Amino acid sequence: MKHFLQNRQIMLPYLLLGLSFGYAVALKPTCLSTQFRRPGDYIIGGLFPFGMDTINLTARSEPTLVVCERLFVDGLIWALGMKFAIDQINNSTSLLPGVKLGYDIYDTCFEPLAALQPSLLFLTRNGTTGIGVVCNYTNYQPRVTAVIGPHKSDLCLVTAKLFSFFLIPQVSYGASSEKLSNKELYPSFYRTVPSDKKLVEAVVLLLNKFGWNWIATIGSDDEYGRGAQELFLRNVGNYSICVAYEGLIPTDLTDPKAKIKLKETVELINKTKVNIIVLFAFTQPARALLEQSISMGLSKKVWIGTEAWLLSDIASSTSNIQSIGTVLGFIMKASPVPGFQEYVADLFTSVQQDEFCQESRVEYNRMASGGLGTACNQCNHISLHDISPILSRSQIQPVHIAVHSVAHALHRALGCTHQGCPKATIRSWQLLHFMNTFTFTVNGQSFRFDESHGTNTGYKLILWDWKNGTFTYLPVGDYEESLYINKSQIHFHTADKKVKRCFRECKPGQIRQIKGFHLCCYDCRDCPENTFYSSKDSSTCTPCLEHQWSPVRSTRCYDRSERYLFWNEPLTVALLTLTSITLCLTCLTAVLFFKNLETPVVQASGGDRNLLALSALALLCLSSCLYIGKPSDRLCTTQQVVYALCLNACFSTFLAKSLEITLLTEFPRWAPTFLPWVTQRRAWLVVALCLLTECLLCFSYLHLGPDGLRSDYKSLRSEVLLVCDTRSWLAFALMHGYNSCLAIVCFLCTFMVDAPGKKYNVARGITFAFLIYFIIWIFFVAIFATLKTVLRAVTQISTILMLTLGILGTYYIPKCYIILLKPDLNTVNYFQNSIKEETEGDSQ
């Protein structure tokens, strides 16, 4: 991603080889291209961008050599920095004494395709051009001991996987992508620059220090721009900084759509009315954006940049560059390398001498290249005059440190002393331990690779300053563990002011709802019920836990209170009063029937079986108390079992009477045979059989899945409703469906029976009793299914009481009326005649 001097273009007049054709012809060719390969005891590979702008890369249809169009002077200087460091080490008496380091440096053209070919060459078995395929690479000896470079993160993400497989140390002098910090994927990758994570932290602190809270961020559409912008957006959320616009600009400026994209970007920046723009981009796309901004007359802004473009020649070569406003940014702290500029000057003098060049070609050709050359023929046509402006400001220290880190690791791996180093074979992977654990010193400074295999030398904050018409990079601060800014030295070319933000401060319990185009324009919206505003996240309402609730616009949640039918509620008191009345009425009816058990009306109604039915109705009445108070699993099960058994005991007595009436009225010929089984003492067998069947169904219900307690958190706003939940609908249906079947049989047996006028009709009472039962159940199901409150328990109690009163009122109360008020009808002759007339009437 970010590089300390990434992709700096060679711009006119000194970055393009040959300012003019005549000058290029007049310049005597040198042998500079032969200076990048030397034999030695241990070879260090180098990957440097000598060139840029690859030719016909998109139209490449065959795997031919990738060629670059233009010389990239920065890359040449970095490569010379590696050569200088190795020559310096070879002449040292304290570092690797008696050991000669060789080097093999190749061009990457800033392209992964170009970097792959030399990378594969580095992996070949030493002395051959083939890569050995073996099961165990522990004793494998590749061509190089370590690799320096490449510069860009895009290239390192490709090459690092290759070198990490062989555990060959690779030290980059410019790749800063945070992805490369993953030691699991890239265990042998190191870098002598900080990662983008540190750079982004510095930029965010700078924004916060000045109170700039309404900004735009733009990145180049590549690994550097996308990665840095992603890290920035992730970090900026921890501060009160609003990103009004975020976008990517193209890196391929030859694309016809690139101009349109740049124009749209500038227009969108203008619409946001931001004064601060953070730009993560390489030199080329950054230049294109700034030139587009100038041509479109964009008002002056504060541009915050990185060394990927800050140290390029944009400021000196772009027309009317001062109109963009203020440019601030961070560059890596780097000390000058003593003796390097003199070394380069001497080298450029030497490469013009025939004797030196002849010796260089001999040394160059001593190393087998497999047909792959350095590919820097343009280097032979460049002079010291051409590179002097870049040489004076180019930062060589990261390359210098990278080479020395490998040399110090090799020094320790060989066990060198001041007297010399033993001649031994060292595998590449053996250097990793020493690179991970030891501190090394370069020019009096100590360095050590951290846990992510990087070095954090810190950053300098610089300002583009045009004082008295002269352009300079003015240091105005630095960042290591904290940010220091010398504000007195910063002279803004724009008004240093905060732009009014399009939002208002939200009240407690409110969140921000983005509106319109800008990400930081928002309305305040109340958090709805059962959610609350969390100070950790101001953009969303946090849902309460299931057992909690909250009102609208709340900042916390509250525990729900339990809700069920309490004993002290007015509605409960009313229901208990009605239950008491119904129970008393049932008991009085039972007492009256017991005292008149031998009378014709009681015998015609079922005799002593009536006492069982009335007792069951009394118990059913009392069971309504099971629905009051806090429910439990056992209580839920008891409710259903008691209801089913009580109702079955009552219905079974009606079944015996209904079958008796059916035999007398519908099947008189079969009556003498079957009538004894449904009358007198044998009728109790029918009752017992019905109760036994219901008991078996209740047992199945208990076995398959009885009702249990369920906490309903959705029905009530601030309470948890405790309800009995049906777990097995099959068992529930069998248990209650059996009673419904008895009711249907009794109803069908009696509803068609006619009787002479003004005569006692036993069948009619049964018909109306079960008609009431059906009506009550229809209403109960319809109401119960729609209720989600404690009224469900009220409905169940009401159903029990209405059913009890319905049976009493339609079947038993008329008989009480005869016993108490019409004793003259309570005679054997009346009931016998009535039954006889019914039989005769039905037979006709």
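The values are calculated or read from the model by the stated rules, or taken from the named source; none is laboratory data. Note that the structure is predicted; figures quoted are calculated from it, not measured. With ideal geometry, Cβ positions are generated from the backbone for all residues, glycine too; neighbour counts draw on all protein chains shown. For the accessible areas, the whole protein counts, side chains as well, though only heavy atoms, and no ligand, DNA or RNA atoms are used. Shrake-Rupley method; radii C 1.70, N 1.55, O 1.52, S 1.80 Å.
Work from the charge dipole of the chain (Cβ charges, +1 for Lys and Arg, -1 for Asp and Glu, about the Cα centre) and give the residue of SER312, LEU685, THR283 farthest towards its positive end. So the residue furthest toward the plus end is LEU685. Among the protein heavy atoms of the chain, carbon and sulfur supply 57% of the accessible surface, probe 1.4 Å, non-protein parts ignored. Each Lys or Arg adds one and each Asp or Glu subtracts one; over the other residues with Cβ under 9 Å from the Cβ of ASP526, this totals +3.
Across the chain, C-alpha contacts under 8 Å between residues 6 or more apart give a mean separation that, scaled by the residue count, equals a relative contact order of 11 percent. Per residue, the solvent-accessible area of the chain (1.4 Å probe, heavy atoms of protein chains only, all protein chains present) comes to 45 Å². Add -39500 (n - 2.57) for each DSSP H run of 4 or more in the chain, then divide by its residues: what number comes out at 222 nm, to the nearest 500 deg cm²/dmol? The helix contribution divided over the chain gives -14000 deg cm²/dmol.
With everything on Cα atoms, drop me the angle between helix 729-750 and the longest principal axis of the chain, reported from 0 to 90° to the nearest 10. With both axes taken from Cα atoms, the answer is about 30 degrees.
Taking the Cα atoms only, what angle lies between the long axis of helix 683-704 and the longest principal axis of the chain, rounded to 10 degrees? Once rounded, the angle reads 10 degrees.
Given LYS333/LYS487; LYS273/LYS300; LYS273/LYS467; LYS197/LYS460; LYS209/LYS467, which pairs have Cα atoms separated by over 21 Å? Flagged as over cut-off: LYS273/LYS467; LYS209/LYS467. Between PHE751 and SER319, the distance separating the two model label sites (each 7 Å from Cα on the Cα→Cβ line) works out to 10.1 nm.
Sparsely packed loop sites in the range 42-122 (the trypsin sites (Lys or Arg not before Pro) outside DSSP H, G, I, E and B with at most 13 other Cβ atoms within 10 Å) comprise ARG60, LYS100. Can you find, among LEU825, LEU614, ILE628, the residue sitting farthest towards the positive end of the charge dipole of the chain, where Lys and Arg contribute +1 and Asp and Glu -1 at Cβ? Going by the charge dipole, the pick is LEU825. For the range 652-714, the dipole from Cβ point charges (+1 on Lys and Arg, -1 on Asp and Glu) about the Cα centre works out to 120 debye, to the nearest 20. Computed from point charges on the beta carbon alone (+1 for Lys and Arg, -1 for Asp and Glu), the dipole magnitude for the chain about its Cα centre is near 1160 Debye. Specify the angular offset, from 0 to 90 degrees and rounded to the nearest 10, of the alpha carbon long axis of helix 153-166 from the longest principal axis of the alpha carbons in the chain. Between the helix axis and the principal axis of the chain, the angle is about 90 degrees. Looking at the square roots a ≥ b ≥ c of the eigenvalues of the Cα gyration tensor of the chain, which shape do they give, rounded for a/c under 1.5, prolate if a/b is larger than b/c, or oblate? Cα axes put the chain in the prolate bin.
Taking the Cα centre of the range 536-692 as reference, the dipole from Cβ charges on Lys and Arg (+1) and Asp and Glu (-1) amounts to some 60 debye. A dipole drawn for the range 422-496 from +1 and -1 charges on Cβ atoms has a positive end, and of GLY454, ILE426, TYR473 the residue lying farthest that way is ILE426. If R0 equals 60 Å, the separation of the Cβ atoms of LEU384 and ASN136 corresponds to a calculated FRET efficiency of about 0.75.
Diffusion coefficient (Stokes-Einstein, Kirkwood radius over C-alpha pairs, 20 °C, 1.002 mPa s) for the range 54-211: 120 µm²/s, rounded to a whole number.
Put simply, the amide H of GLU529, placed in the peptide plane, has no neighbours under 5 Å, leaving out anything fewer than 5 places away on its chain. Full extension of the segment from ASN235 to SER488, taken as 0.36 nm per residue of separation minus the current Cα-Cα distance, would add 88.3 nm. Once each of the GluC sites (Glu not before Pro) sitting in a DSSP loop with at most 16 other beta-carbon atoms within 10 Å is removed, the chain keeps 185-450 as its longest stretch. If the chain linking HIS433 and CYS584 were pulled fully straight, counting 0.36 nm for each residue of separation and taking away their Cα-Cα distance, it would gain 44.9 nm. For the chain, the share of DSSP beta bridges that are antiparallel, to the nearest 5, is 50%. Measuring how big the range 407-483 is from its alpha-carbon positions, Rg and Dmax come out at 19.9, 61 Å. Residues whose amide H falls under 5 Å from that of VAL278, counting only those 5 or more places apart or on a different chain, are ALA216, THR217, ILE218, ILE304, with hydrogens built in the peptide plane.
Simple spin-label estimate for SER61 and GLN513 gives 5.9 nm between the two label positions (7 Å along the Cα-to-Cβ direction from each Cα).
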